[in-house]
Every structure is written in structure tokens, then in C-alpha cells.
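Peer 1: One structure is given below, represented as C-alpha cells, and several questions about it will come after.
Every number in this text was worked out from the coordinates using simple rules, so none of it is lab data. Keep in mind that what you see is a predicted model, and the values were worked out from it rather than measured. Note that we place each Cβ from the backbone using ideal geometry, even for glycine, and neighbour counts take in every protein chain shown.
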Amino acid sequence: MKLFYTPGACSLAPHIVLRELGLPFKLVRVDQSTKTTSEGQDYFSIAPCGYVAALQLADGNVLNEGSTILEYLADLKPEASLAPPAGSWERVKMRERLSFLSCELNSTMNPLWKEVIPDGVKQIFRMRLFKRFDVLDKEVAGSHYQLAGTFSIADAYLFTMLRWPKRLGFSLEPWPALRQFQSRVESRPSVCESLAAELSAQD
Ligand SMILES: N[C@@H](CCC(=O)N[C@@H](CS)C(=O)NCC(=O)O)C(=O)O
């Protein structure tokens, strides 16, 4: 399998999960400014919208939505329990959370990176994001992780996005439980290895 990634982007979540599962994979870096890969390909030929993550399977098929990639990977090794069994109520709740993380966090944070977007507009997105952080902070305050209380694919995704506020110029200070969650996940070997691999590849 090949994971197409950009250092520190949402592709970090499937990267962490690949290492958690001990699956063989190759990292292929995507330069977002030129949309070319470290293997010299036009990234649009892999992912028509040009965003990461993308996972290319041995047969050439490609998955290109982060939450779907995460579920696909978890199901390759169900014994690792990174997602509840398919068909269970808990799995439906996991899908609900992944959808929330993708639509309500990832998509809300995306405009904050864009220089062309005026500050007033960014403020609207920030306020929207902060309300979602309030909800998640309450949830993880009573538990080590989201949902079932053990590390899951949803935690890899949330952790990845909690690294962005610092780079976007605001702090997680108002959400102490989220900060604790972040430190807890950061100490996992899979996370340390993923961060080291991505940061050493950064331009
Ligand atoms: N719908 C996609 C969105 C992924 C996404 O927002 N990727 C960002 C990095 S976190 C990206 O590659 N942005 C560059 C672009 O859109 O051109 C998903 O949920 O996986």
C-alpha cells in the first residue's frame, strides 16, 4: 500500500493507524504547491481533487477520503480493535464521529489556512470550531479517549487536527481535557514514529 501524504496534514491520521496496525506501507509525499508527488507523478492522476490523504492498494485502486481510509485500515486487522465490529451500533457511532471530525472540524479549519480569506470570515469559522471543541472537551474529560474509551481511528484523526491550532496561531488553553488527550496520544510509539517520519521529510 502507498499512503500519499503532506507532512502534518490530515493524512497523519491514516499514517498513525498504519503504524498502530503494523501493516507494510510506503509513504509518498505530496507537494501541495505543485501537486506533484515525491515519485514525480501528477497528484491529480491519483486524487482528482488534489487533496491528501490517498491510499493506493496493491491492485492500484485508490481511496481518497480520510474517514473511509481509516475504516478500511481498521478492518484489515479487526483484532487490533481500532474500530468496533462492522454492523454493530458502536460502529455506527464511530462512523458518526468520523463524519463529525471530517465535516465539522477538518472542513471548518480548512479556510483558516488560506491567506486570501479575510480575518472577519476566518473569525466566523473559528467561533464555529470553538463550539465543537467545547463539545469534544466535555466528552474526553470523562474518558481517556473518544467513544469507547480505548484508542481508536477517531482518536488518530482528532489528535491530528489538534496539532493545527498552534500553527494557526491560537492555543488549546480553553480546552484542558483536549490538551490532556493530545499529550496522551502523542506518547504512543506509533505517533512518535509517524511524526518523526513526516517531519524529517518536511521541506
Ligand atoms: N474530504 C477530504 C478533505 C481532506 C483535506 O482537507 N485535505 C487537506 C489537508 S488536511 C488538503 O490536502 N488540502 C489541499 C487542497 O485541498 O488542495 C477528507 O476528509 O479526507
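Peer 1: Count the net charge of all other residues whose Cβ sits under 15 Å from the Cβ of residue 145, scoring Lys and Arg as +1 and Asp and Glu as -1.
Peer 2: On the way: positive: 93, 97, 138, 179, 184, 188; negative: 20, 90, 137, 139, 155, 186.
Its environment carries a net charge of 0.
Peer 1: If a/c stays under 1.5 just call it rounded; otherwise compare a/b with b/c (prolate if a/b is bigger, oblate if not). Do that for region 89-188, with a ≥ b ≥ c from the square roots of the Cα gyration tensor eigenvalues. Each step should come with its number before you reach the end.
Peer 2: On the way: a/c = 2.07, a/b = 1.57, b/c = 1.32.
Prolate.
Peer 1: As a check on your grasp of the helix formula, calculate [θ] at 222 nm for the chain: sum -39500 (n - 2.57) over DSSP H runs of n ≥ 4, divide by the residue count, round to the nearest 500.
Peer 2: Numbers: 8 runs with 94 residues, N = 203.
Mean residue ellipticity at 222 nm (helix-derived): -14500 deg cm²/dmol.
Peer 1: Tell me whether region 1-95 comes out rounded, prolate or oblate; compute the Cα gyration tensor, take square roots of the eigenvalues as a ≥ b ≥ c, and use a/c under 1.5 as the rounded threshold. Numbers along the way, then the final one.
Peer 2: Working: a/c = 2.23, a/b = 1.96, b/c = 1.14.
Cα axes put region 1-95 in the prolate bin.
Peer 1: If amide H atoms are built 1.01 Å from N in the plane of the peptide, which residues on other chains or at least 5 residues away come under 5 Å of the amide H of residue 36?
Peer 2: When sequence neighbours closer than 5 places are left aside, the close amide H contacts are 31, 43.
Peer 1: Using label points projected 7 Å from each Cα along Cα→Cβ, tell me how many nm separate residue 197 and residue 128, to one decimal.
Peer 2: 3.3
Peer 1: Can I ask one more? Report relative contact order for the chain in percent, whole number only (criteria: Cα-Cα under 8 Å, sequence separation at least 6).
Peer 2: Contact order relative to length: 24 percent.
Peer 1: Another question about this same structure. Amide H neighbours of residue 54 under 5 Å, counting only residues 5+ apart in sequence or on other chains, H built in-plane at 1.01 Å?
Peer 2: It is 4, by chain and number.
Peer 1: What are the aspartates and glutamates whose alpha-carbon lies under 16 Å from the alpha-carbon of residue 131, with same-chain residues fewer than 8 places away excluded?
Peer 2: Residue 131 reaches 104, 139, 173.
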